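The values are calculated or read from the model by the stated rules, or taken from the named source; none is laboratory data. All of these numbers come straight from a predicted model, not from anything done at the bench. In this analysis, Cβ positions are derived from the backbone assuming ideal geometry, glycine residues included, and neighbour counts consider all displayed protein chains.
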Amino acid sequence: MPQGYKTYRTVSDQSVYDLCLNTYGTLDRLGLLMKDNGITSVARRLPAGTSITYDTTLVNDQRFNEQGFTFATKAKVPGTLLLDLYPSAAIAVSTRKLNSNYGGPALRLRRESDSVEMDVWFNEDNNLDVLNMTQFLSGQTGYVVTWYDQSGNGNHLTQPTATRQPILYNFTLDRYAVKSDGSNDFMYVLLNTPVTRPITYLLGAKITGGAGEQFVLHNLSSTNINAALIRKLGTNRGSFMGHTFTYTMPSDMEVITVTRSTASAQYYRNNVAVTPTLTGSSNLDIARVRLFAEVNAALTTPTNHGLCEVPELVIWSSDYSPNLQAINNNMNNYFKIY
């Protein structure tokens with residue numbers, strides 16, 4: 001997007017004239033608005049949620065105020081983010097905004113050159129505030145100290161040890177992931193309240209190597225027993241409270257969605273079902289969440305590190321099995337994973 005431009009999202013079915021007034025505050029810029037947004041007819045109406053770009057340096061502030069309009073940058077389509085549509089998450093971390101009610105930062109980064117730290121927030125388009133982040137990093141690598149939980153439960157993934165911190169990585173088209181080194185990086189959290197079945201998982205993951213069994217996700221129960229995992233190697237690729245799934249994990253990014261109810265489990269990769277190789281019964285809960293490694297209960301001995309890129313992880317304390325395809329599409333439509 002050119003410098004000075006911002007995005008306005010239509011909040012209802014709107015005419016081109018309405019859009020011009022709601023952005024520039026005058027019809028004098030109608031031709032420019034149409035040109036910039038590829039609109040060829042003044043008779044066109046745009047449905048709710050359509051993104052329109054406009055040049056903020058040309059906004060007519062005086063006329064805006066006189067006519068009582070509100071700035072377009074403040075207009076939001078309510079209830080369209082992932083957690084607005086599918087609430088009750090126990091933990092939700094992402095490089096995009098997931099919750100309209102969340103007012104906190106996305107991540108805390110440590111600058112490589114001098115170890116100064118800064119919170120990175122979301123911009124008005126619910127993306128990472130890349131402009132301020134880029135200015136802070138000044139060409140240096142940004143290491144992730146904290147990945148903030150957007151669920152409201154305070155279950156932030158953290159890594160205070162500098163040598164074990166993953167990096168923030170631009171993996172495609174200004175879409176970002178947290179990336180481990182496959183050697184010693186990992187992040188973790190002890191959940192404030194353990195999660196019991198039914199549980200739904202959403203994970204974006206690319207695993208290209210690492211050490212040992214190459215874990216991307218490892219969950220321990222409150223009794224320190226393996227409750228859930230996703231890894232590239234080992235006897236199975238996915239295991240969720242007694243149900244296991246075996247398949248060949250590619251080296252490309254995937255959207256993984258899983259539900260584990262009291263009786264069964266469903267596992268999807270890019271909306272394609274994986275048949276369980278073992279079905280068992282387990283009453284384990286989820287109390288500890290780790291990314292990029294298998295780690296013991298004391299968080300002192302990480303092993304089986306995965307060389308991974310993860311843009312998003314959500315764990316719900318609900319059974320969203322009827323909505324797995326929609327949840328998958330919600331993530332894929334933003335990150336363009338496949």
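Within region 219-278, being within 21 Å of the chain's Cα centre (by Cα), surrounded by fewer than 16 Cβ atoms within 10 Å (Cβ to Cβ) and within 15 Å of Leu324 (Cβ to Cβ) holds for Asn270, Asn271, Val272. For region 40-51, a residue qualifies if it is part of a loop (DSSP other than H, G, I, E, B) and within 15 Å of Tyr8 (Cα to Cα), and the qualifying residues are Pro47, Ala48, Gly49, Thr50. A single member of Thr26, Thr57, Thr50 is of a type in the set (Val, Ile, Thr), outside the structural domain of Val314 (by TED's automatic domain parsing) and either modelled with pLDDT of 85 or more or under 30 Å from Leu313 (Cα atoms) (or both), and it is Thr50.
When region 60-75 is limited to residues that are in a loop (DSSP other than H, G, I, E, B) and at pLDDT below 60, the one that is surrounded by the fewest Cβ atoms within 10 Å (Cβ to Cβ) turns out to be Gly68. Scanning region 294-328 for residues that are crowded, with 20+ Cβ neighbours inside 10 Å and on the phi > 0 side of the Ramachandran plot returns a single hit, Asn304.
Criterion applied to Thr158, Thr146 was being in contact with a Leu (Cβ under 8 Å, 6 or more places away or on another chain), farther than 28 Å from Arg9 by Cβ and hydroxyl-bearing (Ser, Thr, Tyr), and the one residue passing it is Thr146.
Among the residues of region 114-134, write down those that are surrounded by fewer than 15 Cβ atoms within 10 Å (Cβ to Cβ) and at pLDDT 95 or above. Asp114, Ser115, Val116, Glu117, listed by residue number. For region 246-291, a residue qualifies if it is under 21 Å from Leu220 (Cα atoms) and of a type in the set (D, E, K, R), and the qualifying residues are Arg260, Asp285, Arg288, Arg290. The set of residues in region 7-39 that are at positive phi and either assigned to a strand (DSSP E or B) or crowded, with 17+ Cβ neighbours inside 10 Å (or both) contains only Gly25. Could you check, for region 277-286, whether at least one of its residues is more than 30 Å from Thr161 (Cβ to Cβ), of a type in the set (Asp, Glu) and assigned to a loop (DSSP other than H, G, I, E, B)? No, because not a single residue in region 277-286 is more than 30 Å from Thr161 (Cβ to Cβ), of a type in the set (Asp, Glu) and assigned to a loop (DSSP other than H, G, I, E, B). Of all the residues in region 158-176, those that are assigned to a strand (DSSP E or B) and surrounded by fewer than 24 Cβ atoms within 10 Å (Cβ to Cβ) number 8.
Pairing residues of region 148-162 that are farther than 22 Å from Leu83 by Cα with residues that are modelled with pLDDT of 95 or more, at Cβ distances under 6 Å and at least 6 apart in sequence or on separate chains, gives Gln159/Gln165; Gln159/Met187. Checking each residue in region 266-282 for being free of Cβ contacts under 8 Å to residues at least 40 places away in the same chain and farther than 27 Å from Ala177 by Cα picks out Thr275, Pro276, Thr279, Gly280, Ser281.
Within region 195-203, is there a residue that is under 23 Å from the mean Cα position of the chain (by Cα), on the phi > 0 side of the Ramachandran plot and of a type in the set (S, T, N, Q)? No: region 195-203 contains no residue that is under 23 Å from the mean Cα position of the chain (by Cα), on the phi > 0 side of the Ramachandran plot and of a type in the set (S, T, N, Q).
Among all residues of region 294-303, there is at least one that is closer than 29 Å to Gly154 by Cβ, assigned by TED's automatic domain parsing to the domain that holds Gly209 and under 24 Å from the mean Cα position of the chain (by Cα). Of all residues assigned to region 91-111, at least one qualifies as being at pLDDT 90 or above and more than 19 Å from the chain's Cα centre (by Cα). Within the set Thr193, Thr208, Thr257, the sole residue that is in contact with a helix residue (DSSP H, G or I) (Cβ under 8 Å, 6 or more places away or on another chain) and either assigned to a strand (DSSP E or B) or basic (Lys, Arg) (or both) turns out to be Thr257. Output the residues belonging to region 177-190 that are within 18 Å of Leu109 (Cα to Cα) and outside any loop (DSSP other than H, G, I, E, B). Once the filter is applied, which keeps residues that are within 18 Å of Leu109 (Cα to Cα) and outside any loop (DSSP other than H, G, I, E, B), region 177-190 yields Ala177, Val178, Lys179, Met187, Tyr188, Val189. Hey, does region 229-237 have a residue that's over 25 Å from Tyr334 (Cβ atoms) and of a type in the set (S, T, N, Q)? So far as region 229-237 goes, yes, one or more of its residues are over 25 Å from Tyr334 (Cβ atoms) and of a type in the set (S, T, N, Q).
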